[in-house]
Each structure stands twice: as C-alpha cells, then as structure tokens.
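Here is the structure we will look at, set down as structure tokens.
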Amino acid sequence: MSRIAIFASGSGTNAITIITNFANSTNSVATIYCNKPTAEIVQKAPTYGVPVTLFTRSEFYETNMILQQLQENQIDTIVLAGFLWLIPPQIIAAFPKRIINIHPSLLPKYGGKGMYGMNVHNAVIQNREKESGITIHIVDEQYDNGNILFQAQCTVEPTDTPESLSKKIQTLEHKHFSRFIAEYLDTL
C-alpha cells in the first residue's frame, strides 16, 4: 500500500484520472500539492475528497516545509502530473525512486526546461516527427532526465496540429499513467 501525493499545476486531468482509478485500490491519493492558486485542480480535487495544499516558490525552494509535510502525512510516493517546477534535491533524496513524472513526448526528445504541454506539441509538429507519445520516468535533479520506466507511442499524421496531437497524447496519458503507477508500486 502506498500513500501518494500528486503535485500538479494545471487543469488536473491526469490527477483526477489517478484519483478515480485508485479510489478502490490499496494505493491511495492522500493529497494534492499545487503551486498555482488559479489552477483548476485546486477546485476539482476536494470534490473527490482529496485535500489541496498550496505553496509558494520560496516555501518550496527555501524551506523544508513541503518535505516535512510529506513526511508527517506518511507519503510514500510522489507523482508529478503537470507540475512544472524542478523538484528540490532534499525531496528527491527523501523519496529515492519514488517520484514519478509523465512527459508528453518520447524522451529524450523534446525534454528539458520549458518543454511542456503545447511547447512540446508545437516542436514535434514543426520538426515533422512521424511519432510522438508519453514517457513515464523517475525524477532526478534535472528536468526530464531520470530513468525511463515506460513509453507509449502514437502516430503524428501530416494533418495533425498541436491541438490534435495534444488530444492524442492526453488519451495515452489517461490510458497508461494510473495503470503504470500501480504496476510500478507493486515492484517496490
């Protein structure tokens, strides 16, 4: 059994998918951490019975407040679902191989600082890639650099736009992310 904290910064579609998929599981989403008060996940998560903790950049990077809260709440695993900040080293050290991220490309392509969401899809389309997909990986001290655990691909058609590619990627995320998290946690 794992108690999961999801870190999210946006609409929360992946976070809500994880929450609902784990509702009757031995693994559970205990809390959401969010750095953006206007993010849709702030309103959505409580309707599923999951509390949200908002925090600032200084609280995240200049104090141990978040780490202490995670430890006090007996969190075992952190899942990044649309969270865009680099995780501080002390949190990475406290959760070795237990911080999981999803990225909307086939890493190592289109990863790194600034490569998220539509920025990734625009780059894939501009470079006329034949495929794209998702990458689930362990988080380390660099953006999108950790050990790759799982990838799923989709075809990029010549008629695809960044918006249509985004929909294909979101379908892959919702299909695979929760399932893979559960499978990965079973190996720990």
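All of the numbers you see were taken from the coordinates with simple rules; none came from a lab. Since the structure is predicted, the reported quantities are computational estimates derived from the model, not experimental observations. Note that each Cβ is placed from the backbone with ideal geometry, even for glycine, and that neighbours are counted across all protein chains shown.
For this structure, a couple of remarks:
- Residues of the stretch 75-111 with amide N under 15 Å of the 7 Å Cα→Cβ point at residue 130: none
- Sorted by Cβ density within 10 Å, fewest first, the residues 174, 103, 137: 174, 137, 103
- Size of electric dipole in the stretch 3-187: Cβ of Lys, Arg +1 and of Asp, Glu -1, about Cα centre, debye, nearest 20: 180
- Measuring against 22 Å, Cα to Cα, the residue pairs 44/167; 36/175; 109/130; 36/109; 44/175 contain 36/175; 36/109 as the ones spanning a longer distance.
- Amide H contacts of residue 83 (H built 1.01 Å from N, in plane; Pro and chain starts excluded): 9 sit under 5 Å, all sequence-distant by 5 or more or on other chains.
- Distance cut-off 29 Å, percentage of C-alpha pairs in the stretch 3-187 lying past it: 18
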